[in-house]
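Novice: The structure is given below, and queries will be raised subsequently.
Computed from the coordinates by the stated procedures, all read-outs in this text should not be read as laboratory data. Since the structure is predicted, the reported quantities are computational estimates derived from the model, not experimental observations. With ideal geometry, Cβ positions are generated from the backbone for all residues, glycine too; neighbour counts draw on all protein chains shown.
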Amino acid sequence: MSLLSKIWASDRKRIYIVAGVLLVILLILWQALTFWKVLDIQKQARDKNEALDQKISDIEIILLAAQESNTTLAEALAAAKEKTDSLSKEFKKVSGDVDDLEKITLTDPELLQKYSKVYFLNEHYVPSDLETIPGKYTTHPNKEYQIMSEVWPYLEDLLEDAKDDDVDLKIASAYRSFGEQASLKGAYSVTYGAGTANQFSADQGYSEHQLGTTVDFTNSIIGDTFTGFEKSSEYKWLQDNAHNYGFALSYPENNSYYQFEPWHWRFVGERLAKNLHKRGQYFYDLSQREIDEYILYLFD
Ligand SMILES: [Zn+2]
């Protein structure tokens, strides 16, 4: 028997024990190693999670800040827009005011002036621009009747629409210069005596004719006499429609200013004429201050 065999034979049991112990130790070590590795992986995962959480929280902060500054930006934008809007409104208002001012400046204030026994139109006053009314609309086609150019389109519409309604309106008098009026009044004075002439051809009405915005209407039958015009269908038509063309009756029945002149109509602009008609009032019923507010709309 060899030496090895001898050792094997005598220590076999011990060798088994040692080997077994060694195996157990190895197993334990391996387990420990595995456990440590798992721990390490877990730790790494935790670290990663934490880092991720941190990143998320950083992003949240950034997002919040961005949102906040966005809100601020949006607010600033809204405020700026509001300011721009209000500025633009202001600008429009100012430019509107300038336009209105220009309109008022360019409109002759005499055109809406009340004339009375104490306030007359200046004898040198001449309308800015006159237009001849075509003969077919007048009582004397060969005679020249004139009207302020800016008023003519309104008067022409009135005359045409009256014709369409089978209403026989004619112009018996329109613009009259101071000189013409003076000679007319002189002629009346001679015929009727001064007292009657003052009432008949008088002072308020004369100023209105000198303005170039006023006409005396009649029909083909009555003509220049105006007799019974207040009972004519033409007068009825004027009462119902003239305001739509900017014309108002100056001296109605029982007015405190002057004798009743159903034929005498003055252009005061559509807005004023319509308001007067709606309220059942007349031009001379209003205060000058109230009338002046319509200067802006005279030719609207
Ligand atoms: Zn008249």
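Novice: Given Cβ point charges of +1 (Lys, Arg) and -1 (Asp, Glu) and nothing else, what value in debye, to the nearest 20, does the dipole of the chain about its Cα centre take?
Specialist: It works out to roughly 3380 debye.
Novice: For T71 and E50, calculate 0.36 nm times their separation in residues minus their Cα-Cα distance, and state this gained length in nm to one decimal.
Specialist: Here the segment from T71 to E50 would lengthen by 4.5 nm.
Novice: Against the longest principal axis of the chain, how steep is helix 152-164, in degrees 0 to 90 to the nearest 10, with axes from Cα atoms?
Specialist: Between the helix axis and the principal axis of the chain, the angle is about 80 degrees.
Novice: Restricting to Cα atoms and excluding each atom paired with itself, what does the Kirkwood estimate give for the range 1-106 in Å?
Specialist: 23.2
Novice: Report the Cα centroid-to-centroid distance between the range 69-131 and the range 212-267 in angstrom, as an integer.
Specialist: 34
Novice: What is the ratio of the Cα radius of gyration of the range 207-300 to 2.2 N^0.38 Å, with N the residue count, to two decimals?
Specialist: Here the answer is 1.06, to two decimals.
Novice: Can I ask one more? Tell me which lysines have Cα within less than 24 Å of K55's Cα, excluding those fewer than 8 residues away on the same chain?
Specialist: Reachable lysines: K43.
Novice: Mean-square fluctuation check for the chain, GNM, Cα pairs under 10 Å: which of I15, I41, I147 is largest?
Specialist: I15
Novice: Additional query: Structure shown: which of K114/K136; K231/K274; K117/K170; K143/K278; K117/K236 lie over 26 Å apart, alpha-carbon to alpha-carbon?
Specialist: Distance filter (> 26 Å) returns K114/K136; K117/K170; K143/K278; K117/K236.
Novice: Compare T72, T139, T107 in a GNM of the chain, Cα atoms joined below 10 Å, and give the one with the largest fluctuation.
Specialist: The residue with the greatest mean-square fluctuation here is T72.
Novice: What span do the alpha-carbon atoms of the chain cover on each of the three principal axes, reported in whole Å from largest to smallest?
Specialist: 186, 40, 34
Novice: For a quick check: with amide H placed at 1.01 Å from N, whose amide H comes under 5 Å from Q146's, ignoring anything fewer than 5 positions away on the same chain?
Specialist: The answer is I133, A174, Y175.
Novice: May I pose another question? Straight-line reach from K92: which lysines fall under 20 Å, measuring Cα to Cα and dropping same-chain residues less than 8 apart?
Specialist: Result set, ordered by chain and number: K81, K83, K103.
Novice: Return the single residue from R12, R266, R289 with maximal mean-square fluctuation; model: Gaussian network over the chain, springs between Cα atoms under 10 Å.
Specialist: R12
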